[in-house]
1. Return a whole-number percent for the relative contact order of the stretch A:132-272, with Cα pairs under 8 Å and 6 or more residues apart as the contact set.
2. Placing +1 at every Lys and Arg Cβ and -1 at every Asp and Glu Cβ, with all other atoms neutral, what dipole size does the stretch A:132-272 have around its Cα centre, in debye to the nearest 20?
3. Mind checking the dipole of the stretch A:570-614: about its Cα centre, +1 per Lys or Arg Cβ, -1 per Asp or Glu Cβ, Debye to the nearest 20?
4. At what distance in nm do the modelled label points of B:Glu35 and A:Asp339 sit from each other, each positioned 7 Å from its Cα along Cα→Cβ?
5. Per-residue HN-Hα couplings for the stretch A:280-295, Karplus 6.51 cos²θ - 1.76 cosθ + 1.60 at θ = phi - 60°, whole Hz, x for Gly and Pro?
6. At 0.36 nm per residue, minus the direct Cα-Cα distance, what do A:Thr48 and A:Thr169 gain on full extension? Give it in nm, one decimal, please.
7. Report the local net charge at A:Arg340: Lys and Arg +1, Asp and Glu -1, summed over other residues whose C-beta lies under 12 Å from its C-beta.
8. Can you compute the modelled spin-label distance between A:Ala618 and B:Leu42, with each label point 7 Å from Cα toward Cβ, in nm?
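The values are calculated or read from the model by the stated rules, or taken from the named source; none is laboratory data. For clarity, every value in this text was computed on a predicted model and none was experimentally measured. Note that we place each Cβ from the backbone using ideal geometry, even for glycine, and neighbour counts take in every protein chain shown. Just so you know, the surface numbers come from the protein's heavy atoms only, side chains and all, with ligands and any DNA or RNA stripped out. Shrake-Rupley method; radii C 1.70, N 1.55, O 1.52, S 1.80 Å.
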Amino acid sequence: MPRVRVAEGRRTCPLRNRENTITIAQADRFRDHDAMNVHSRDWSAFVTKAPSGASHIELAVEGIHCAACMARIEKGLGRLPGVENARLNLTTHRLAVDWQPDATNAGAVVDKLESLGFKAHPFDPGEMRGRDDAASRHLLRALAVAGFGGMNIMLLSVSVWSGNVTDITPETRDFFHWLSALIALPVVAYAGRPFFVSAWAALKARSLNMDVPISIGVTLAVAMSMLQTIQHAEDVYFDSAVMLLFFLLIGRYLDQNMRRRTRSFAENLAALRAETARLIRPDGSTGDVPLSQVEPGMLVLVAAGERVSVDGVIEEGTSEIDQSLVTGETRLADVGLGDRVHAGTLNAAGVLKVRVTAAAKGTLLDEVTRLLETASQAKSRYIRLADRAAALYAPLVHTAAALAFIGWLIAGIGWQPSLVIAISVLIITCPCALGLAIPAVQVVASGILFNKGVLLNSGDALERFATVDTVVFDKTGTLTLPDAALANADEVRAEDLELAGRLALASRHPLAAALARASGARDPVTGAREAAGSGVKATVDGVECRLGSPKFCDVAEDAAAAALALHPDASLIVLARAGAAPVLFAVRQALRPDAVSVVADLKRRGLHVEILSGDHQAAVAMVADELGVADYAARLDPRGKIARLEALKAEGRKVLMVGDGLNDAPALAAAHVSMSPVSAVHLSQAAADAVFLGESLAAVPAALRTAHRAHVAMRQNLVLAAAYNCIAVPFAIAGFVTPLLAALAMSASSIIVTANSLRLRFGKAD
Amino acid sequence: MDVLIYLIPIALFLGGLGLVGFLWSLKSGQYDDLEGAKWRVLSDDDLPPDQRPEKSAGAE
């Protein structure tokens with residue numbers, strides 16, 4: 001029995017709590033239900049074949065807390081006949097399994113994991129990480145090469161520096177310089193590539209980024225040192241060039257790594273939300289396929305209680321669907337043959353067969369996609385702080401170097417010594433501190449936010465978060481929880497609630513699921529029969545019981561209306577027993593537990609708060625009233641939301657938009673900066689600058705606070721870098737800079753900037 | 001100073017060995033799961049059962 005195995009899971013890992021086992025028990029029940037009523041799942045679309053003939057699959061695994069879980073999974077799967085290798089990555093929570101296709105299959109692996117108490121879902125092999133990993137590895141290799149080169153050149157340079165003040169012979173010095181050149185040339189060519197490529201791309205696009213002065217500085221330093229070496233000079237700058245690359249690559253790698261961590265986490269979430277479609281093949285068989293393999297014209301099966309994963313037209317079946325993720329409307333809508341359904345809606349009642357269609361003209365999706373495109377284009381005009389600094393810094397430094405060259409030339413010391421001084425100006429101005437000033441802060445700040453459950457989609461979002469003065473919330477799914485909850489638990493008797501909960505376990509309707517959760521019932525009534533779309537019927541202790549819509553339970557309309565008057569935004573479920581008065585349960589979308597305090601907190605901090613919703617007036621008014629928000633608008637379509645955001649922008653406000661629905665996606669892209677909860681539709685998550693996890697809205701003020709502190713630290717770093725240059729540049733122009741001084745100054749400024757960024761982490765907790 | 005003729009190639013060779021070692025460990029995936037590696041080192045599963053130390057409470 002599943003429950004016995006779940007109990008085993010609880011024993012070995014101290015962190016697997018009781019709630020967890022309940023959800024797993026429910027998952028088991030659903031799976032059994034699935035197996036009986038629909039069919040077993042077919043994962044073959046996710047399996048890749050190794051050259052040796054073994055099958056391979058990558059799974060995102062949920063519920064891993066510690067090393068004991070890792071050992072359980074690897075050993076448990078190892079016992080499965082045919083499994084050759086199972087290795088769990090504890091950093092990314094991903095599992096790689098290889099097996100002999102004739103001995104077992106992917107379904108058995110997933111089932112085994114579920115029996116061990118872990119929910120797993122395969123990745124789409126088509127869109128797996130690849131590119132990110134390659135970029136990150138390339139940076140790490142470049143970093144290793146620069147580190148190796150830097151150490152060896154420094155070894156030779158220190159010998160030369162100490163020899164210069166004692167008794168080194170010119171021959172030995174030349175030999176050391178040639179050796180340095182031998183190491184530096186290939187190292188710079190390899191480790192400098194990330195900067196050269198990016199600088200070239202920027203120049204081709206006729207713009208300047210930080211990589212342009214870096215590339216110019218490094219190239220000139222190497223070229224000049226080569227010349228100096230040939231001419232038997234005392235000073236060469238190979239060490240400066242390689243050290244510069246080493247420091248900058250550290251910043252670059254950390255930045256890349258942070259992005260990769262966020263992305264792999266987001267991918268796991270996407271995989272665990274099972275963004276797959278159950279395809280009905282022409283021969284009538286079914287199989288789960290990744291969404292990327294679904295094409296218009298295919299037929300897809302959607303069971304009751306599942307999310308619709310595609311846009312299409314219903315070909316068979318009738319049902320009620322919950323469109324709250326798409327339109328913000330909380331009331332269920334009846335759909336039938338020929339009606340259009342959207343990805344992200346929840347199929348509440350019956351089994352549907354949906355014919356996939358592309359976004360046709362005039363549909364909601366088409367409208368959203370079009371608005372989204374326009375909004376994203378408008379937004380790309382934002383110029384990042386780093387690029388603004390680079391645009392200011394590069395001309396200034398290059399002018400200073402040119403002036404130094406011309407000045408010394410006029411002073412009559414000859415063109416070559418003048419050029420040496422000009423290049424030493426470029427080296428000492430050290431874009432190194434500037435190059436680290438902003439990435440270092442972004443890495444630290446996004447690490448802090450990651451620990452608070454906020455995943456940043458883009459690094460520059462932090463800068464935009466810091467300037468926000470208005471917060472606009474969507475209602476459904478953002479201010480409220482994505483799942484419905486019982487509103488009148490204190491008005492009904494405990495035994496009624498328990499019986500209703502047990503009956504509700506037989507149904508996958510979202511309202512029934514809410515009732516089952518509220519009652520905590522775990523023991524379904526045997527022999528309960530569900531009438532799709534209306535309710536559940538069963539005989540308990542010889543008494544006939546019904547649970548369902550007021551009509552299904554023969555409740556008079558005026559009684560239902562009276563109950564609805566008390567809870568205007570709720571839906572009713574009735575428990576009826578022969579010979580007893582019917583019991584009414586009001587189920588509605590509850591506010592997130594800390595919504596009131598978060599909104600109050602935001603207002604206390606002087607931010608203007610608004611609610612823009614697609615739901616009906618009464619429901620929005622009630623939530624706005626509860627939260628104390630004076631400005632709200634209801635029944636808005638995507639265009640209406642954007643119009644309101646444009647109006648706010650015209651007033652000069654910087655808006656943070658928080659939303660989750662398909663209808664919010666264009667507004668999320670249009671806002672100055674945006675966030676969406678992890679339960680949001682895919683399109684909205686992609687459009688938002690940050691995604692937050694969990695039920696708490698506290699992520700919103702936390703992101704604002706962290707971003708504010710990060711922004712302060714970034715500006716401090718830029719000021720530090722500028723101050724350093726103000727001191728160093730006159731020395732360089734005067735011609736006092738030796739390679740030793742350059743190395744010291746460069747390391748010192750980089751360390752100061754990095755230390756200032758790390759201060760964020762140890763700053764006052766909030 | 002003639003000794004430099006030997007010492008410098010040796011120094012470079014040893015440094016290069018370190019670099020190659022790092023690149024190899026990177027390529028063979030040893031940096032893919034730093035979180036898991038720190039736990040795997042504590043696992044006794046690679047020992048035959050009779051050589052494992054006494055189990056402490058809570059261990060698998």
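1. 33
2. 800
3. It comes to approximately 60 debye.
4. Going by the 7 Å Cα→Cβ label model, 4.2 nm.
5. Values per residue, Gly and Pro as x: 9, 7, x, 7, x, 6, 10, x, 7, 10, x, 4, 5, 9, 8, 10 Hz.
6. Going from the current span to full extension adds 37.2 nm.
7. Within the 12 Å Cβ shell, the charges total -3.
8. 5.8
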